[in-house]
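Trainee: Have a look at the structure that comes next, please.
The values are calculated or read from the model by the stated rules, or taken from the named source; none is laboratory data. What you see is a predicted model, and the numbers here were worked out from it, not measured in a lab. All Cβ positions, glycine included, derive from the backbone under ideal geometry; neighbour counts span all protein chains shown. For accessibility, only protein heavy atoms count, side chains too; no ligands or nucleic acids. Shrake-Rupley method; radii C 1.70, N 1.55, O 1.52, S 1.80 Å.
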Amino acid sequence: MRSRLYLALAAAAAVWIAPAVASPAPPGVRKLHVEGGAVHATVGAKGKQVRLTLDPELQRAAERLLARSGAPEGAIVASDVRTGRILVWASRGDRDYVAAPLAPSASLFKIVTAAALLEAGKVNVATPVCYTGGMSAITARDLQGRGATCTVFGEALGRSINGVFARLGSQHLTPADLRQKARDLGFDGEVPIDIPVAPSSAEIPADSLGLARASAGFWSGKLSPLGALFAMQTIANDGERVRFSLLAPPDAPARGDAPATRTADGRALRADVARTLRSMLDVTTRRGTCAKAFRKPDGTRALGSMPVAAKTGTLVGGRPARMFSWFASFAPSDRPEIAVSVMLANDITWRTKANLVGRELLETYFGRKRPGPVARRR
């Protein structure tokens, strides 16, 4: 059954999301299989069989979650924050959607806007912001006057308040500001990794209203799950860009985990800005857009007291019509270990959203490492 929320989103998407345009993409990663306790796959145009850095147990869990989601297309990708080693590379659909920029970046783009505003010194977590409208679209009227509802900037990212980012972006940023930060964080261009990947794209209109809409996550281009993962891993690393590694080194043991060496690729954010973003992303799972998804049926918090940084996003559009659902995260947010990105391209009738899938993968990862409620979860 179509919900009122779905219909509202669909109406907005008809305005803000252009039809998907077919474009050539690298063949990506195909035919994944476990052999000798390690994950192997076909990579690249020539179909070379290689060993990957993936965690076999976590990879199988991700594949099960994708199958259970029922989404026609989707992807889950995860990395070791400290080294950039890819732990999961799971895709559902007719091609490798981990590295394919299929979905609009939606509200994940608010991360780019928040980073640009913080680095420019235009706001801090205590900055008061008043806004009007913006629930499913941004109009010129929403940018006028003082605004009827007020909050502080530190709450706006986790609650994904469109009106706040539309106003602040149009007042304080230029299209060049947003494009640069989008490139720094993996929302535009290729991310640093040891296989060919398709570039994500950021589309920032030059006019004031278009800039406001892009700042809030409408009409902001196409993002791959790998690009979303890179943004979260970068914030978790205090703003340092750490290169991803998917190909296992030649001298890796024949069985077990394939190690990775941390390789820096410059800096995307000042460390203080990354730490501020981390605190803002904590709001998402505590009292923001996926607080409910991080509560179990009995009312207890999933993952116990562990702080989890995350951002969600939802938009409807494309041909055929899809309800695109995003979840990008890292945990624990105070001592990051793993970053996770989930994209589901759901049909009109859908079974689950990306935040629940991402939470369950985090529970699998931490449940096997620690005793306690998470490990005993059935």
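Trainee: Across segment 270-294, which residue is nearest to THR151 (Cα to Cα) among those that are open to solvent by less than 40 Å² (accessible area, probe 1.4 Å) and not in a helix (DSSP H, G or I)?
Mentor: GLY288
Trainee: Counting only residues that are in contact with a Cys (Cβ under 7 Å, 6 or more places away or on another chain), assigned to a loop (DSSP other than H, G, I, E, B) and among the polar types (S, T, N, Q), how many does segment 137-163 have?
Mentor: 0
Trainee: Open to solvent by less than 40 Å² (accessible area, probe 1.4 Å), more than 18 Å from LEU117 (Cβ to Cβ), small (Gly, Ala, Ser) and modelled with pLDDT under 95, is that true of ALA228? Before the answer, list the steps.
Mentor: Values: open to solvent by less than 40 Å² (accessible area, probe 1.4 Å): yes; more than 18 Å from LEU117 (Cβ to Cβ): yes; small (Gly, Ala, Ser): yes; modelled with pLDDT under 95: no.
Spelling it out, it is not the case that ALA228 is open to solvent by less than 40 Å² (accessible area, probe 1.4 Å), more than 18 Å from LEU117 (Cβ to Cβ), small (Gly, Ala, Ser) and modelled with pLDDT under 95.
Trainee: Would you please name the residue that is most open to solvent (accessible area, probe 1.4 Å), looking only at residues in segment 200-221 that are more than 17 Å from ALA140 (Cα to Cα) and modelled with pLDDT under 95? Before you say what the answer is, go through the steps one by one.
Mentor: Here is the first cut: in segment 200-221, the residues more than 17 Å from ALA140 (Cα to Cα) are 200-203, 220-221.
Then keep just the ones that are modelled with pLDDT under 95; that gives 203, 220-221.
Working: GLU203: 92, SER220: 6, GLY221: 10 Å².
Selected residue: GLU203.
Trainee: Something else about it: Among the residues in segment 72-79, are any among the acidic types (Asp, Glu) and either touching a Phe, Trp or Tyr at 6+ places or on another chain (Cβ under 6 Å) or surrounded by 19 or more Cβ atoms within 10 Å (Cβ to Cβ) (or both)? Break it down stepwise before answering.
Mentor: Of segment 72-79, the ones among the acidic types (Asp, Glu) are 73.
After this cut, where a residue has to be either touching a Phe, Trp or Tyr at 6+ places or on another chain (Cβ under 6 Å) or surrounded by 19 or more Cβ atoms within 10 Å (Cβ to Cβ) (or both) as well, the list is 73.
Yes, the conditions are met somewhere in segment 72-79.
Trainee: Please find, among PRO249, PRO297, PRO307, the residue that is touching a helix residue (DSSP H, G or I) at 6+ places or on another chain (Cβ under 9 Å) and part of a loop (DSSP other than H, G, I, E, B).
Mentor: One residue alone meets the criteria, PRO307.
Trainee: Right, another one. Just checking, which of ARG267, ARG243, ARG255 is open to solvent by 40 Å² or more (accessible area, probe 1.4 Å) and at pLDDT below 95?
Mentor: ARG255
Trainee: Which condition number does PHE187 fail, the rest of (1) open to solvent by less than 10 Å² (accessible area, probe 1.4 Å); (2) assigned to a helix (DSSP H, G or I) being met?
Mentor: Exception for PHE187: condition (2).
Trainee: Shifting gears a bit: Can you find even one residue in segment 294-304 that is among the acidic types (Asp, Glu) and in contact (Cβ under 8 Å) with a residue 60 or more places away in the chain? Steps first, please.
Mentor: Narrowing segment 294-304 to residues among the acidic types (Asp, Glu): 298.
Okay, now just the ones that are also in contact (Cβ under 8 Å) with a residue 60 or more places away in the chain, so none.
No, segment 294-304 has no match at all.
Trainee: Additional query: Here are some conditions: (1) within 21 Å of PHE109 (Cβ to Cβ); (2) of a type in the set (Ser, Thr, Tyr); (3) at pLDDT 95 or above; (4) not in a loop (DSSP other than H, G, I, E, B). THR314 meets all but one. Which one does it not meet?
Mentor: All conditions pass for THR314, except number (3).
Trainee: Something else now. Is there a residue being of a type in the set (Ser, Thr, Tyr) and touching a Phe, Trp or Tyr at 6+ places or on another chain (Cβ under 9 Å) anywhere in segment 329-336?
Mentor: The answer is no; no qualifying residue exists.
Trainee: A follow-up question, please. Can you find a residue that is at pLDDT 95 or above and within 30 Å of ALA137 (Cα to Cα) anywhere in segment 77-84?
Mentor: Yes: one or more hits.
Trainee: When the residues of segment 99-132 are narrowed to those that are of a type in the set (D, E, K, R) and part of a helix (DSSP H, G or I), which ends up least open to solvent (accessible area, probe 1.4 Å)?
Mentor: Selected residue: LYS110.
Trainee: Working carefully through the options THR276, THR289, THR234, find the one that is under 27 Å from ASP55 (Cβ atoms), of a type in the set (Val, Ile, Thr), modelled with pLDDT of 95 or more and under 19 Å from the mean Cα position of the chain (by Cα).
Mentor: THR234
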